[in-house]
Each structure stands twice: as C-alpha cells, then as structure tokens.
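The values are calculated or read from the model by the stated rules, or taken from the named source; none is laboratory data. Everything quoted here is computed from the prediction, not taken from an experiment. Cβ: placed from backbone, ideal geometry, glycine included. Neighbour counts: every protein chain shown.
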Amino acid sequence: MKQVVGVLALVACVGCSTPTPGQPEVAAWRAAELEGAWADVEVEPVERRGPLSLSVTVGDEELAKLEALDARRASDLGAARNLCLTLLAADPESPGLLWRAARADADRVVLARAAGEPSEVRDLASLSALDYARQAAERAPNDADAQAQLAYALGSTTHLLPMGERSARAHEVLDVVKRALTLDPVHPVALETKATLHLRLETLPWIATLFASDLPESDLVVAEGAARKAFAAIPSLEHRLLLAKVLVERNKDEEALRVLNLALPTDRWPRDAEIRPAVLALRDELN
C-alpha cells in the first residue's frame, strides 16, 4: 500500500517545479549580466584554432569582430561572452552576433554547472539563449549556424516546459535540426542536438512516458550515427562524452570506454575544461 501511495504522489507531482522565469526576469538578468561585460570591444588578435563559423555574407568590419569573438571563445568562454554581449548591445540586429549570443549563453549554462551555481541561473541563461536564437533564426533563415543554434536552444529548454508541451517541443527541435542539416549536412551543433534528442527520447523514465503523447519516433542507432558525425567534425570532450553515453545505452561499454580513453587531449576546444570531470567520471564508472 505504501508503494502505491508513493507512486500516486509521484504522479501527482510530475511537472511540478519552480515556476519558469518569464521574459521580465530574463531581461532583468541580462541587464545585470551586461553590467559585468567589457565596455571596450577592442581586443588584441587571438590565434584561431579552427575556421570561422560563418554562413552569411558580412562586411569587413563585422567580419573582424566575429573573428575576434570566435578566437576569444577558443581560449576563454567567459571573456568571449562578455565581448559578445558588448558587441550585441551596439549592434542588436546582427544575425551573426545574435546566434553567437545564444551560444554564449549556452556556454554560461556550462560554466554555471561547472561552478555549482543555482539551477535558476542555468534556467535564465538557457531561456536567454533561446530568445537570442529565435531572433537570429528569424533574421537569417538560410544560415545553418543560426538554425542549428536554435535547435540546440530549443532542446536545452524542453525541461522548463509543462509535461503536456514537451512532445510538441521535441517535434519542433527535430524540424529545426532537419532545416539546419539541409543547409549544412555535417553541422556539428545540429548533429549533437539530433543525437541528444534521440538519446533522451530513448531513455525517458517510465513516469515521463506515462504522461507523454505524440512523441516523435526515436532510435539509438540514429543517435549513434549523429554523435559519431558530430565527433568526427569536432572531436571535443563534449562530443566524446555524448558518443560514449549513446554507446553505453547500446550496450557497447567496451567501445564507449575506448572513446573515453582515446588519448584524452589537453583542453583544446571550448567547454573541454568544464566537460572533462564528466568524461573522467563516466570513464571511471566503466572501468
């Protein structure tokens, strides 16, 4: 009887959580964050570690700013975000800056998680990223970067929706992923998002599936294929961890361990330093 009561209590609480922050809260948080951003947008040239992600034509001045921003992100996520916020404040209509602002706030989520900041900070950053990504995608419908970042932002805020709205969001994520991959079949962010969504759908707890309706079809084989392509495009620790998680769910623990053991490099890609503890934790679990 106690077990039945416990299950009924759990069912009653599904979807119950701290109220999702609204646009006023997000705007206030943004304003506070901007106060800490750099006022001076002039930065010293920084060596870039990969090609500039740019799928729209821009002028030389904006191109220089975007190159500086991408280069800064390669070495310092926090500093790059400050720079991005400062540049965007001066040019709020730029699609290139808008999707990078979405990426910067997604980086803020990673930084907050690594620093043990409250979940409210991560939620605000995720919602802010989604707003920036929607603006970018609307202004640049044929920009693979903008569409891929929108897909990522949509996926990373699904947990903030009521249970009854999450299935529709999953369909929306897949639609935007498809649009991004039509524009760029090997876009790493779109592939990462595709793999993550299929993985999450395949590993939903039973209580979530009980209340879900009209979920999109999912497949761990699809998740593995997308994760492999994302890792091949950018062999970051983030993509390495995603691929390993998919392999574990496919009962390929030995291969997952090989992926995690594969000459773990020093922090080369953005987010590597923040993701490394999770990579090492899963590796230790599989050993």
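Things to note:
- A256 in contact with a helix residue (DSSP H, G or I) (Cβ under 8 Å, 6 or more places away or on another chain) and at pLDDT below 95: no
- Criterion (among the hydrophobic types (A, V, I, L, M, F, W, C) and either crowded, with 24+ Cβ neighbours inside 10 Å or in contact with a Ser or Thr (Cβ under 9 Å, 6 or more places away or on another chain) (or both)) met by exactly one of A74, A115, A80: A80
- If you go through the range 233-242 and keep only what is free of Cβ contacts under 8 Å to residues at least 40 places away in the same chain and in contact with a Leu (Cβ under 9 Å, 6 or more places away or on another chain), you end up with P235, R240.
- Test: residue in the range 270-287 that is of a type in the set (G, A, S), under 22 Å from the mean Cα position of the chain (by Cα) and within 30 Å of G164 (Cβ to Cβ): no
- A residue that is assigned to a helix (DSSP H, G or I), more than 15 Å from A114 (Cα to Cα) and out of contact with any Gly (no Cβ under 8 Å at 6 or more places or on another chain) cannot be found anywhere in the range 262-278.
- Residues of the range 117-141 that are under 16 Å from W99 (Cβ atoms) and of a type in the set (K, R): R134, R139.
- Residue list for the range 137-158, filter: in a helix (DSSP H, G or I) and surrounded by fewer than 14 Cβ atoms within 10 Å (Cβ to Cβ): E138
- Restricted to the range 243-279, and to residues there that are in contact with an Asp or Glu (Cβ under 6 Å, 6 or more places away or on another chain), under 24 Å from H198 (Cα atoms) and of a type in the set (A, V, I, L, M, F, W, C), the residue that is surrounded by the most Cβ atoms within 10 Å (Cβ to Cβ) is V246.
- One residue from A230, A223 being within 15 Å of the chain's Cα centre (by Cα), buried (at least 17 other Cβ atoms within 10 Å of the Cβ) and outside any loop (DSSP other than H, G, I, E, B): A230
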